[in-house]
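What follows is a single structure, written as structure tokens, with notes after it.
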Amino acid sequence: MNEQQRDERLNIRTAKSQAGFPGSLHHNRYEPTPYALLDILFGEYRLAPEDRLVDFGCGKGRLNFYVHHRFDVESAGVEMDEAFYEEALENRAHYEKKYRQAKGKIDFCCCLAQDYGVAPGDNRFYFFNPFSIQIFMSTVNNILNSVEEAPRQVELILFFPSEDYVDYLEHRTLFEQTAEIPLPGMERDLRERFLIYRLP
């Protein structure tokens with residue numbers, strides 16, 4: 001099945017990437033994680049029923065619908081672009097029409113990542129290299145502050161991680177890498193992988 005067929009199965013539209021580039025140097029353009037790579041990730045990395053995943057730079061919400069459909073977990077998508085946020089809401093309406101049990105399980109927030117109020121139930125955080133290291137640092141700091149207020153095990157999932165992200169996590173935080181999931185093409189580009197980091 002191609003990307004569009006996978007979308008149709010979920011009754012959503014997320015396949016088209018963003019043309020051009022965002023207006024800010026701190027943000028990268030919208031490009032959904034390919035379904036085939038999500039299959040690889042979640043073939044090895046499981047979500048439990050009590051997990052709540054937050055996708056920073058969620059775009060039109062593909063990952064949120066995917067993890068609900070596969071694991072029946074709650075999730076939140078954080079998106080600063082109003083047009084993508086509106087499309088995510090439309091996708092949610094279409095998805096809930098087909099999968100009624102999803103009602104109330106998928107939230108979307110239109111705000112900057114560093115302004116997202118990390119909820120006590122949020123414990124899995126997904127980053128597809130969505131923004132600059134400065135914003136990443138600020139966002140991770142918010143996660144750490146939330147853990148101080150409501151202690152829990154949290155994990156970060158990085159796709160196509162930049163060296164800056166990895167360097168920051170490994171040298172300036174207590175996060176420890178617990179898994180690396182290589183992808184086809186990693187022999188040509190080291191970023192072609194998923195990395196999982198856990199706060200001990």
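Quick notes on this structure:
- Solvent-accessible area per residue in the chain equals 51 Å², computed with a 1.4 angstrom probe and all protein chains kept.
- Relative contact order (percent, whole number), the chain, Cα cutoff 8 Å, 6+ residue spacing: 18 percent
- The peptide list 108-116, 182-190, 51-59, put in order of mean Cβ contacts within 10 Å with the highest first, becomes 51-59, 108-116, 182-190.
- At full extension, residue 163 and residue 144 could sit 4.8 nm farther apart than now, given 0.36 nm per residue minus the alpha carbon distance.
- Options 32, 141, 162, ranked by Cα towards positive dipole end of the chain, top entry (Cβ charges): 32
- Of the residues 83, 12, 199, the one whose Cα sits farthest towards the positive end of the charge dipole of the chain is 12 (charges of +1 on Lys and Arg Cβ, -1 on Asp and Glu Cβ, taken about the Cα centre).
- Two-site label geometry, residue 132 and residue 13: point separation in nm, points 7 Å out along Cα→Cβ: 3.3 nm
- Accessible area per residue was computed with a 1.4 Å probe on protein heavy atoms; residue 97 scores about 140 Å².
- For residue 58, the residues whose modelled amide H falls within less than 5 Å of its own, excluding neighbours fewer than 5 places apart on the same chain, are 78, 79.
- Surface share of carbon and sulfur [accessible, 1.4 angstrom probe, percent] for the chain: 47 percent
- Helical mean residue ellipticity (222 nm; -39500 (n - 2.57) per DSSP H run of 4+; nearest 500) of the chain: -11000 deg cm²/dmol
- Each Cα pair under 8 Å and six or more residues apart adds its separation to the average, and for region 41-156 the resulting relative contact order is 28 percent.
- Shape of region 87-200, Cα gyration tensor, a/c cut at 1.5: oblate
- The length gained by stretching the chain between residue 31 and residue 110 to full extension, at 0.36 nm per residue less their Cα-Cα distance, is 26.7 nm.
- Two-decimal Rg to Rh for the chain - Kirkwood Rh, Cα set: 0.93
The values are calculated or read from the model by the stated rules, or taken from the named source; none is laboratory data. For clarity, every value in this text was computed on a predicted model and none was experimentally measured. Cβ coordinates were reconstructed from backbone atoms using ideal geometry, including for glycine residues, and neighbour counts include every protein chain displayed. Accessible surface areas use protein heavy atoms only, side chains included; no ligands, DNA or RNA. Shrake-Rupley method; radii C 1.70, N 1.55, O 1.52, S 1.80 Å.
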